[in-house]
Amino acid sequence: MLAIGIILFVLLLVLLILFFLRQFWTRRHLPPGPVALPFIGTLLANGIGLQGDVLLKHVKRYGNIYSMWLGPYYVVVLSGYKAVKEEMTKFSEEFSDRPDDPFLTALGKGKGIILSNGHNWKQQRHVGVTSMRKLGLGKKSIEHKIDEIAQTLVDAFRQTKEQPFDPSFPVLNAVSNVICSLSFGHQFAAEDETFQKLIQALDTVVKFTGSFFHMVYDLSPALMNYLPGPHKKALGSIAWILSFAKQEIQKHKESGSLHEPQDFIDYYLLEMEKSKNDPNSTYNEENLCQCIFDFFGAGTDTSFVSMKWALILLATHPDIQEKIKKEIEDVFGFSRSISYQDRKNLPYTNAVIHEMQRFKYALLFGVPRQSKQDVKMRGYHIPKGTFIAPDLRSVLQDPEQWEKPKEFNPNHFLDKDGKFVEREEFLPFGTGLRACLGQQLARIEIFTFLTSLLRAFSFQLPEGVKEFNEEPVVKITRPPQPYKIRAIPKCTSS
C-alpha cells in the first residue's frame, strides 16, 4: 500500500510540474499575471472576492494590462484610463461580444440587449435606443415621470419625522419605479405585493451574479442543475421576472394602443408588427421579455447604489451639502421646479453629483466583453474567446488623471472660475460599442432625485454617530454597509 501511495504521489507531482511547465510555455505571449492552479485558476491569488486592493496589487506587479484565470475562463484586465480608453476604442468591434459564461447564458439565453451578440444584439440595441429617444429621453415627458417619482420619494422621507432611518426601501422603490414607468407606462405603489416580489427577485439575481457560487456553477453547470443551492433560487427568480414581463406584454397587446405607443413595450410591439414579414428580424416576445429584464437588471441596482452613497456623502460633508442648497436657492428660489437641462445653471451641484459617481463607483468592474477574434495588443497575444474586463473603477481613480483620486473632491469637475468641466476620464457608463444604453436616463434620475431631496431636507448623521463605515459591501455592485440617516425638513432646525 505504501508503495502505491508513493507512486500516486510522484505521479501527481509529475502532472503538476507538467501543468505548470505547459502554463509558462503557453503564456509566454500573453499578458502577465498570477500563476493559475488546476480547476480554480487564480482565485486564491485574487482573494476570491476580487477586492480593490488585490487588483491594485496586480497592477503594481504586472502593469496596466494583466491576466487572470477565473476557473476555466481566461480574463484580461485593462486598468487605468489610458489602457481602458485606448484599447477599448482601438478594438471596439473586436471586443464587442459578451462572455460565453454558463450562468450568464442561462440568465440571458442570448436574448435582449446586455447579454446578446451579433445581429440579435444590434437589433435589440437599435429598438432600445430609438424607443428611448421617442419616449422623450432628455425631454420633458420622461423627466415629468421621474419628477413625480422624486416627489413620492420626498414624501416617504418626510414620513420619518426627523428620526434616524434606513433609506434603502424608499430609494429602491423609487429607482425601480423609474424602470416600471419607462417599460410598462405605469408605476406601482410601494406596498404592492407583486412589485415587492419583483424587487426581491432582482435582488436575488444581482447577489448571485459574480459571487463565489456563480463561479462554482460555471465550473460544472450540467451537474449543478441537478444539485440544490443558491443557483436554483437565482434561476427561479429569473424565470419569475420573465413571467411577470410576459404578463405586462399581454396587457399591452389587449389594450390596443399599438399605434399610440406610450412606453417601451408599445414601441417594441410596434416594431414587431412592422417587421413581421422580415425573415431576418429578431423582434419577438422572447427578446422583448429579456430587454425588460435587462432594463431592470442594469438600471435598478446601479442607480440604487449610487443614491445610497450620495446620501452618505451629503450627510458626512455638511459644507458641500450647504453649498449645493445655496446654489439651488440662489438660482431658482423655492417655487420653480428644476429640470435636467437646468444643470447647466448649477455647476457646483453638477460637479458634486459627478464626483459622487467617480468617488464611489457603483460597480466592481465594467461589464466584461469577449474577444471575437485573435488580437495583437501592445505586443501581447489576446486569443479569440478571451474575456476582456475593463476596470472602470481604476479609470475613475487613476492617479495620473485625477488630482486627488482617493478623496471626495468636487473640484475635479470645476475650473478655476467655478464652471463645470466635462472630463474624458469620467467613464462610469463604459466606452465603445457596448457603452451603457441607459446612461442618459440614469443621469436624469440621479440629478432629479438629489435636487428634489436637497430642496426639501438637510441630511445629518444620527445623534451620537460621528462617521459612517465607508468600506463597501463587495459583490457585482459595491453598495455601502447598512446605515441610517436623519432627513431634517428645510423649515425645521435640528
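In the condition set (1) within 17 Å of residue 64 (Cβ to Cβ); (2) open to solvent by less than 30 Å² (accessible area, probe 1.4 Å), residue 362 is compliant with all but (1). Among (1) surrounded by fewer than 16 Cβ atoms within 10 Å (Cβ to Cβ); (2) in a helix (DSSP H, G or I); (3) over 28 Å from the mean Cα position of the chain (by Cα), which single condition is residue 277 missing? It is condition (2) that residue 277 fails. Taking (1) modelled with pLDDT under 90; (2) outside any helix (DSSP H, G or I); (3) not polar (S, T, N, Q) in turn, residue 112 satisfies each apart from (1).
Here residue 437 fulfils each of the conditions (1) touching a strand residue (DSSP E or B) at 6+ places or on another chain (Cβ under 8 Å); (2) at pLDDT below 95 apart from (1). For the stretch 204-214, check the following and say yes or no: at least one residue is more than 21 Å from the chain's Cα centre (by Cα) and open to solvent by 20 Å² or more (accessible area, probe 1.4 Å). No, because not a single residue in the stretch 204-214 is more than 21 Å from the chain's Cα centre (by Cα) and open to solvent by 20 Å² or more (accessible area, probe 1.4 Å).
With respect to the stated conditions, residue 106 fails to be assigned to a helix (DSSP H, G or I), open to solvent by less than 30 Å² (accessible area, probe 1.4 Å) and farther than 27 Å from residue 240 by Cα. Does residue 73 count as open to solvent by less than 60 Å² (accessible area, probe 1.4 Å) and modelled with pLDDT of 90 or more? No; evaluated as a whole, the condition is false for this residue. Output yes when any residue across the stretch 393-413 is under 16 Å from residue 74 (Cα atoms), in contact (Cβ under 8 Å) with a residue 12 or more places away in the chain and surrounded by 15 or more Cβ atoms within 10 Å (Cβ to Cβ), and no when none is. Within the stretch 393-413, not a single residue is under 16 Å from residue 74 (Cα atoms), in contact (Cβ under 8 Å) with a residue 12 or more places away in the chain and surrounded by 15 or more Cβ atoms within 10 Å (Cβ to Cβ). Determine whether the stretch 304-321 contains at least one residue that is of a type in the set (Asp, Glu) and touching a residue at least 12 places away in the same chain (Cβ under 8 Å). Checking the stretch 304-321: not a single residue is of a type in the set (Asp, Glu) and touching a residue at least 12 places away in the same chain (Cβ under 8 Å).
Looking across the stretch 88-100, the residues that are more than 13 Å from residue 392 (Cα to Cα) and surrounded by 15 or more Cβ atoms within 10 Å (Cβ to Cβ) come down to 91, 92, 94, 95, 96, 97, 98, 99. In a residue-by-residue description of the stretch 345-366, the property of being out of contact with any helix residue (DSSP H, G or I) (no Cβ under 6 Å at 6 or more places or on another chain) and among the basic types (Lys, Arg) applies to no position.
Checking each residue in the stretch 425-446 for being over 20 Å from residue 365 (Cβ atoms) and either out of contact with any Leu (no Cβ under 7 Å at 6 or more places or on another chain) or surrounded by fewer than 19 Cβ atoms within 10 Å (Cβ to Cβ) (or both) picks out 440, 443, 444, 445, 446.
The values are calculated or read from the model by the stated rules, or taken from the named source; none is laboratory data. Treat the numbers as computed from the prediction; the structure is a model and nothing was measured. Heads up, the Cβs are rebuilt from the backbone with ideal geometry, glycines too, and the neighbour counts pull from every protein chain shown. Heavy atoms of the whole protein, side chains included, go into the accessibility calculation; ligands, DNA and RNA do not. Shrake-Rupley method; radii C 1.70, N 1.55, O 1.52, S 1.80 Å.
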